[in-house]
Amino acid sequence: MEKRIKITPEENEEVKVLFFTYNSYMSILQFFMNNPITNQELFDRKWDEAVQINIKLDNAKRAVEKKYKPTGDWERFEFDFDNQQVVFMKDE
């Protein structure tokens, strides 16, 4: 069972930008891990930046969850950026 709830354009954009930025950092870090890297300092800096973005992303997602979560035992949620919605889900 799922319940779709419309969120503001600003909330949608904030989470979307953080989500794609974080995933971009993860791709860069994966590349570094799969290829010889001569600059450990660069890797460490990108790692630290990714951690900070992940914290911001988690905080933004939790703020939306707290604001829009319907009453009941909803187990998980995800974002539908194209439709500007947060989707709450639970098994029946």
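Nothing in this text is a laboratory measurement; each read-out follows from the coordinates by a stated rule. Treat the numbers as computed from the prediction; the structure is a model and nothing was measured. Cβ coordinates were reconstructed from backbone atoms using ideal geometry, including for glycine residues, and neighbour counts include every protein chain displayed.
With angles folded into 0 to 90 degrees, how steeply does helix 40-68 sit against the dominant principal axis of the chain? Use alpha carbons for both and round to 10. Its long axis makes an angle of about 10 degrees. Excluding residues fewer than 8 places away in the same chain, name every one of the lysines whose C-alpha is closer than 29 Å to that of residue 66. Straight-line reach from residue 66, under 29 Å: 3, 6, 16, 56, 90.
Taking all Cα pairs closer than 8 Å and separated by 6 or more residues, the relative contact order of the chain comes to 49 percent.
Arranged from fewest to most other beta-carbon atoms within 10 Å of their beta carbon, 17, 64 become 17, 64.
Can you list the aspartates and glutamates whose alpha carbon sits under 13 Å from that of residue 61, skipping same-chain ones fewer than 8 residues off? Answer for residue 61, where 13 Å is the Cα cut-off: 10, 11, 13, 14, 78, 80, listed by chain and number.
Arrange 55, 7 by Cβ neighbour counts within 10 Å, fewest through most, would you? Kindly include the intermediate steps, with their values, before the conclusion.
Values: 55 12, 7 20.
Ordered from fewest to most neighbouring Cβ atoms within 10 Å, 55, 7 come out as 55, 7.
Seen against the Cα atoms of the chain and their longest principal axis, helix 9-34 is set at about 30 degrees. The Cα center of segment 1-30 and the Cα center of segment 32-67 differ in position by 14 Å.
Taking the number of other C-beta atoms within 10 Å as the exposure measure, put 87, 51 in order starting with the fewest.
Working: 87 15, 51 12.
Going from sparsest to densest Cβ surroundings: 51, 87.
Given 0.36 nm per residue, what is the gain on full extension from residue 37 to residue 71 after removing their alpha carbon distance, in nm? Write out the running numbers ahead of the final one.
Values: separation 34, 0.36 × 34 = 12.24 nm, distance 4.93 nm.
In short, 7.3 nm is gained.
Over all other residues within a Cβ to Cβ distance under 13 Å of residue 82, the charged ones net out to 0, with Lys and Arg as +1 and Asp and Glu as -1.
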